[in-house]
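Computed from the coordinates by the stated procedures, all read-outs in this text should not be read as laboratory data. Not measured: the values here are computed from a predicted model. Cβ coordinates were reconstructed from backbone atoms using ideal geometry, including for glycine residues, and neighbour counts include every protein chain displayed.
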Amino acid sequence: MNPEGRAAFAALYRLSWPVVMSRLGFMLMGLMDTLVVGHYSAAELGYHSLAWAPTSVFLVTSIGLLVGVQVKTAHFVGADEPHRIGGAFQRGMVYAIILGLLSMVLLIVAGPALLTATIQPAIAKGAAGPLIIFALSMPFYMLAVAGSEFLEGLGRTRPGMVFTWAGNVLNVALLLVLVPGIVTIPGIDSDGAMGAAISTLIARIAITVGILIYVFTLKQVKTFNLLGRHAPDPQGAREQRQIGYAAGSSYFIEVAAFAALTLFAGRISEEAVAVWAIILNFASIVFMVPMGLAIGCSVLVGRAYGAEDPAGVARMGRVSFLSAAGFMTVVVLTVLVGSSWLAAGYTSDAALIAGVQAALLLSCLFFIPDGVQVVAAQALRARHDVLIAPVLHYISYGLFMLPLGYLFALHWGQGVPGLIYACAVASWISATLLVARFFWLDKKATHISTKAIEAPNK
């Protein structure tokens, strides 16, 4: 490998590993909820997963809608325009507050009705309470995301990791006393899935407070003018919104499709919901590594794009794709060897273990393309190719995965394996098309650069 390639890998890993740990920290809350609630009661695990499914649509979509603050901050750093950074931050925080309040109201008003209309009434009743508690945490979560993405755009990826893991320590402590009912909250049902939701709410509040305190005590607060007024920047604001809309659309399409598959599982049985919940939880955890690589890729591609360096853009994209594929290959090998141990770690219910193990093995069909596609989509956004990724995600997850999931799982009666087959088809389509688009843009940029160099000599 040449020195530039080694430097690219080093820069990617230096930026990405704290982001990976931070994203894993966010997902660890879901994992610990699943583990503690799953060992407490399979029925309560089903309630928790169904309450989590509608909120996950907003959680993941918000990361996309707010990613504009990270990408534009990286652009302004690369273009040496620090006076525009404060404006990007302030816009991101305003968007976070609006998104948090809107998502909270929508989940509280429409969430329980959605559950009642789509799944068995008894299961819907058990999931409604945790859903409302999760909804109350949304404004805090959105502010934490905006603050973390701003810091990531600056290349400060470690603070988000520290605060997220501190929040996880608090979450675990609360889970261990609330879920089994060791400690109760007067006036409400606070054990099982409700206890897990309350723990998550408190932990998210703590994480948000820590991140915001860190941001507002940065040495560059005055340099970036984070707290002052800014001259109108219509171009920067428009680009920030465009990036957010495109990323949010992609994330929404993907996570909404997966949430819909959870509803399909709810129409099969409580056991199917529990197995599918465990598969989604495991997939989400390992997915956080490619997600972290995608953030590092976005920062580095964004800087190269801001500095008008097409060779740097191409190099960072390829390094990131290889890194994501390599990690997910390790995940596949780990599952093939240790699926029985993983299944036993998730649940002590003997009736579930066999189903979980089989589903984990089948899930190896989509792990690698799922990791590559998230990095490729983020790389496209960082080079300001904002429209194609959501279109390709809609095709892959909306036009292919949802209909195939219904056909395989419900119409043809294959159950959870049918849901996994649908995921695999969609992930391979998405990864192939997104990577092909990135390579095509590289070729186009090289052609334009060559013509620009040759023009003065004519």
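Annotations for the structure displayed:
- Over region 101-249: Kirkwood hydrodynamic radius from C-alpha pairwise inverse distances, Å: 17.8 Å
- Computed over the chain, the per-residue total of -39500 (n - 2.57) for DSSP H runs of n ≥ 4 gives a 222 nm mean residue ellipticity of -28500 deg cm²/dmol, rounded to 500.
- The protection proxy used here, the mean number of other Cβ atoms lying within 10 Å of each residue, ranks peptides 178-189, 295-306, 113-124 as follows, highest first: 295-306, 113-124, 178-189.
- Listed by chain and number, the aspartates and glutamates placed with their C-alpha closer than 17 angstrom to that of LYS443 are GLU308, ASP309, ASP385, GLU454; residues fewer than eight positions away on the same chain are left out.
- Taking one quarter of the surface of the convex hull spanned by the alpha-carbon atoms of region 212-283 gives a direction-averaged projected area of 8.1 nm².
- Given LYS72/LYS444; LYS72/LYS125; LYS222/LYS444, the pairs whose alpha carbons are separated by over 32 Å: LYS72/LYS125; LYS222/LYS444
- Whole-percent pair-distance distribution, where bins are 5 Å wide, for the alpha carbons of region 97-161: 3, 18, 20, 15, 14, 11, 9, 7, 4, 1
- Candidates ALA389, VAL172, LEU12 compared by Cα position along the dipole of region 3-447: farthest toward the positive end lies LEU12, with charges placed on Cβ.
- Tilt relative to the chain, helix 350-363 - C-alpha long axis, 0 to 90 degrees, to 10: 20 degrees
- The 3J(HN,Hα) values that the Karplus relation (6.51, -1.76, 1.60; θ = phi - 60°) gives for region 205-221 are, in residue order, 4, 5, 4, 4, 4, x, 5, 5, 4, 4, 4, 7, 10, 4, 5, 8, 4 Hz. Gly and Pro appear as x.
- The trypsin sites (Lys or Arg not before Pro) of region 12-103 include none that meets both criteria, a DSSP state outside H, G, I, E and B (loop) and at most 11 other C-beta atoms within 10 angstrom of the site's C-beta.
- The chain, relative contact order [Cα under 8 Å, separation at least 6], %: 23 percent
- Proximal charge balance of LEU12 [Cβ under 14 Å; K/R count +1, D/E count -1]: +3
- The Cα-based radius of gyration of region 285-327, divided by its Kirkwood radius, gives an Rg/Rh of 1.03.
- If the chain linking TYR245 and LYS222 were pulled fully straight, counting 0.36 nm for each residue of separation and taking away their Cα-Cα distance, it would gain 5.3 nm.
- Against the chain, whose longest principal axis comes from its Cα atoms, helix 158-178 is set at around 10 degrees.
- Dipole axis of region 3-447 (+1 Lys, Arg; -1 Asp, Glu on Cβ), positive-most option in TYR214, VAL337, MET29: TYR214
- Convex hull per residue volume in Å³, alpha carbons only, for region 170-223: 79 Å³
- Sum of side-chain charges, ALA42 neighbourhood, beta-carbon under 12 Å (Lys, Arg +1; Asp, Glu -1): -4
- Evaluated with a Cβ-only charge set (Lys, Arg +1; Asp, Glu -1), the chain carries a dipole of roughly 1340 debye about its Cα centre, given to the nearest 20.
- Spin-label pair LEU176-ARG6: with each label point 7 Å from Cα along the Cα-Cβ axis, the two points sit 4.5 nm from one another.
- Shape summary of the chain, radius of gyration then Dmax from alpha carbon positions: 21.9, 82 Å.
- Against the compact-protein benchmark of 2.2 N^0.38 Å, the Cα-based radius of gyration of region 247-333 scales to 1.43.
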